[in-house]
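Okay, so here's the structure we're looking at.
Every number here is computed from the coordinates shown, using simple stated rules; none is lab data. In this text, all values refer to a predicted model and were calculated from it rather than measured experimentally. Here the Cβ is made from the backbone with ideal geometry for all residues, glycine too, and neighbour counts use every protein chain on show.
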Amino acid sequence: MSFVSESRASPSREFSAVAWSNSERFGAEFANVGLDRDRLSAEGVAINSAPEPYRLDYTLETAADFVANVEVSARGDGWQRSLTLTQSASAGWTAATQSNPLRGFEQRGSANGSTI
């Protein structure tokens, strides 16, 4: 696995651009990460070849005391899925998901009862 990182600081927040690749099979990831005393933000993209080719995009934003919101979307040959996780300081985590075939692709089958 190869890893590259570059950092820069602003008066209130430190930012880093991070990238790495997988040497065992084709795959790479790039992320922009920001860190403050009580907050974190990150957005990135990953592509990989196994178990099948896919692209994954994500964002992470925290409020004070690192209470988080996370959005992840993934897509591959004829499918796409998304997940949104929202954390509340008082109520814990909630999740919302979505799974759809991409336009122009036929439904491929099912795995564990979930449509692919």
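With the simple model of a label 7 Å out from the Cα in the direction of the Cβ, Glu24 to Asn100 spans 3.5 nm. Once you order the gyration tensor axes a ≥ b ≥ c over the Cα atoms, which shape class does region 55-95 get: rounded for a/c under 1.5, otherwise prolate or oblate by comparing a/b with b/c? In terms of gyration-tensor shape, oblate. Which residues in region 76-96 place their backbone N less than 20 Å from a point set 7 Å from the Cα of Val67 along the Cα-to-Cβ direction? Zone members listed by number: 84-96.
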